[in-house]
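Report on one structure; see the data block that follows.
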Amino acid sequence: MGVTETSGVSFTIFQLRGAAYQWWRANELSNPAEAASLIWTQFSDMFLREYVPQSLRDSWHVEIEQLRQGAMTVSEYAVCFSNLARHAPALVATVQERVR
């Protein structure tokens, strides 16, 4: 697809509205050099910390750590893993962490 890590951040920021956009602008103004070079996992972590309660993030971490294939097919397991992984990017940032 050709989308780089920083392009995804730029695209997402472009789509922010209301309070989310104001949050981003405040962050960008307070850390201009850092804001310009964020990669997706960094932006995602910042956004989740700001807008998703810690208790919910903790439950996603527990779910992904306890996820087992069991009776699921490989495809079902992959879908379940992907759904959880998008909420816990820090846990699965590298291929090695995803495999673990």
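The values are calculated or read from the model by the stated rules, or taken from the named source; none is laboratory data. As the structure is a prediction and not an experimental result, all values here were calculated from the model. No Cβ is skipped: glycine too gets one built from the backbone with ideal geometry, and neighbour counts run over all protein chains shown. Ligands, DNA and RNA are stripped out before the accessible areas are found, and what is left, the full protein with its side chains, is counted by its heavy atoms. Shrake-Rupley method; radii C 1.70, N 1.55, O 1.52, S 1.80 Å.
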Could we say that ALA93 is at pLDDT below 85, assigned to a loop (DSSP other than H, G, I, E, B) and open to solvent by less than 60 Å² (accessible area, probe 1.4 Å) here? yes
Taking the range 66-80 and keeping residues free of Cβ contacts under 8 Å to residues at least 12 places away in the same chain, in a loop (DSSP other than H, G, I, E, B) and surrounded by 12 or more Cβ atoms within 10 Å (Cβ to Cβ) leaves GLN69, MET72
Considering the range 81-90 alone, what residues qualify as being outside any loop (DSSP other than H, G, I, E, B) and of a type in the set (Gly, Ala, Ser)? SER82, ALA85
The correct count of residues that are surrounded by 11 or more Cβ atoms within 10 Å (Cβ to Cβ), at pLDDT below 90 and more than 21 Å from ALA88 (Cα to Cα) in the range 1-34 is 4
Exactly one of ARG98, ARG49, ARG57 is out of contact with any His (no Cβ under 9 Å at 6 or more places or on another chain), touching a residue at least 12 places away in the same chain (Cβ under 8 Å) and either assigned to a helix (DSSP H, G or I) or open to solvent by less than 50 Å² (accessible area, probe 1.4 Å) (or both), and that residue is ARG98
Would you mind stating whether ASP45 is farther than 14 Å from SER10 by Cα, of a type outside the set (Ser, Thr, Tyr) and modelled with pLDDT under 85? yes
